[in-house]
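Below: one structure, written as structure tokens.
The values are calculated or read from the model by the stated rules, or taken from the named source; none is laboratory data. Worth saying up front: this structure is predicted, and the values here are computed from it rather than measured. Glycine gets a Cβ as well: all are built from the backbone with ideal geometry, and neighbour counts include every protein chain shown. In case anyone asks, the SASA skips ligands and DNA or RNA and just uses the protein heavy atoms, side chains included. Shrake-Rupley method; radii C 1.70, N 1.55, O 1.52, S 1.80 Å.
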Amino acid sequence: MSNITLTIIKPDAVAKGHTGKIIDHIIGAGFKVRAMKMIHMNDREAGGFYDVHRERPFFNDLVSFMTSGPCVPMVLEKDNAVTDFRGVIGATNPKEAAEGTIRNLYADSIEANAIHGSDSDENARREASYFFSELEIF
Ligand code: GDP
Ligand code: MG
């Protein structure tokens with residue numbers, strides 16, 4: 001399955017009131033929303049999601065940031081979803097994110113960078129099932 005990706009509108013963007021504009025941007029880029037919810041993660045949930053980064057120096061800061069307020073995970077569908085969505089969000093560091101990308105428009109820093117996007121089809125499936133059951137994905 002190469003047609004889904006998992007995104008999270010991160011706590012910085014939710015807190016600043018950008019949720020609606022970001023969803024509109026995503027739909028305007030051709031993605032269908034297959035599942036969506038607003039949650040406030042605890043340390044275990046955020047740490048589990050970012051398990052691959054557990055040994056990185058920024059891991060504890062990343063977990064603090066991701067648990068700082070509510071966020072909005074979504075399953076998105078489109079042909080070539082993973083690659084196309086990475087293009088829509090832009091580089092991890094908003095200073096390097098291309099003009100008009102979501103991180104260029106809404107992110108403040110390399111950590112508080114507004115939005116997540118899966119980096120492979122395998123991780124998209126793992127991340128979608130991290131937040132949603134089969135029955136919640138339409
Ligand atoms: P992404 O796939 O573009 O989200 O980037 P990564 O998978 O490399 O990193 C995951 C998340 O960790 C990023 O989206 C940032 O929120 C955060 N992050 C990445 N690099 C850094 C860093 O150097 N410092 C800090 N504080 N956070 C970082
Ligand atoms: Mg990543």
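For this structure, a couple of remarks:
- Only helices enter the 222 nm calculation for the chain: every DSSP H run of n ≥ 4 contributes -39,500 (n - 2.57), and dividing by all residues gives -10500 deg cm²/dmol, rounded to 500.
- Here the chain has 50 percent of its accessible surface on carbon and sulfur atoms, given a 1.4 Å probe and all protein chains in place.
- For the chain, the relative contact order works out to 38 percent when only alpha carbon pairs closer than 8 Å and six or more residues apart are counted.
- Kirkwood Rh (inverse of mean 1/r, distinct Cα pairs), segment 48-124, angstrom: 13.4 Å
- Prolate/oblate/rounded call for the chain, Cα gyration tensor, a/c under 1.5 rounded: rounded
- For segment 55-138, GluC sites (Glu not before Pro) are listed when DSSP marks them as loop and at most 10 other Cβ atoms sit within 10 Å of their Cβ; the list is GLU55, GLU99.
- Coil-residue trypsin sites (Lys or Arg not before Pro) of segment 1-110, DSSP, other Cβ within 10 Å capped at 14: LYS16, LYS37, ARG54
- With 22 Å as the limit on Cα-Cα distance, the pairs of LYS16/LYS78; LYS37/LYS78; LYS21/LYS95 that go past it are LYS16/LYS78.
- Charge sum, other residues only, whose C-beta stays under 12 Å from ALA35's C-beta, Lys/Arg counted +1 and Asp/Glu -1: -1
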